[in-house]
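Enquirer: Supplied in structure tokens, the structure appears directly below.
The values are calculated or read from the model by the stated rules, or taken from the named source; none is laboratory data. Keep in mind it's a predicted model, so treat the numbers as computed, not measured. Heads up, the Cβs are rebuilt from the backbone with ideal geometry, glycines too, and the neighbour counts pull from every protein chain shown.
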Amino acid sequence: MNNAVYFSYFESARVSALAEHFIRTMDMRDAVDPPIIVAEARIKYVSPARIGEPLEIEISVAEIRTKGFSFHYRIVDARDDRLVAEGETVQVAYDYEAKRPMPIPPSMRAGLEAM
């Protein structure tokens with residue numbers, strides 16, 4: 001499996017987690033275009049995975065700060081829980097109109113803390 005695919009897996013897990021845990025509590029404008037940007041992404045490849053193998057992506061909040069937060073990811077083989085890869089992304093709350101980072105909105109913080 002191509003190594004770049006893992007970042008897409010991270011993205012899918014991130015979008016699902018955000019939708020499930022706090023986008024629904026935000027106003028509609030923010031739910032359609034959440035006020036966050038990914039500032040950093042890294043991955044550690046641990047063992048190979050082949051196309052067609054059943055993989056599970058685990059996501060958890062690693063840290064919450066004033067203007068940003070990080071997610072930790074684990075990709076495991078669903079058959080035997082073998083670790084395939086793990087990584088982290090750092091997201092920053094972002095004011096698109098002002099074009100600068102902003103404090104995490106209270107509803108977003110509450111959703112992150114509930115994860």
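Enquirer: Go through (1) surrounded by 15 or more Cβ atoms within 10 Å (Cβ to Cβ); (2) among the β-branched types (V, I, T); (3) modelled with pLDDT under 95; (4) over 18 Å from M115 (Cβ atoms) for I51 and report which single condition fails.
Expert: (1)
Enquirer: Considering only segment 59-101, state which residues are surrounded by fewer than 16 Cβ atoms within 10 Å (Cβ to Cβ) and hydrophobic (A, V, I, L, M, F, W, C).
Expert: A62, I64, A78, L83, A98 - these are the residues of segment 59-101 that are surrounded by fewer than 16 Cβ atoms within 10 Å (Cβ to Cβ) and hydrophobic (A, V, I, L, M, F, W, C).
Enquirer: Within segment 32-108, considering only strands (runs of 3 or more DSSP E) that don't extend past its boundaries, which have at least 3 residues that are farther than 12 Å from Y6 by Cβ and among the charged types (D, E, K, R)?
Expert: Result: 55-64.
Enquirer: Within segment 90-115, how many residues are closer than 12 Å to P35 by Cα and without any contact (Cβ under 8 Å) to a residue 12 or more places away in the chain?
Expert: Residues flagged as closer than 12 Å to P35 by Cα and without any contact (Cβ under 8 Å) to a residue 12 or more places away in the chain within segment 90-115 amount to 4.
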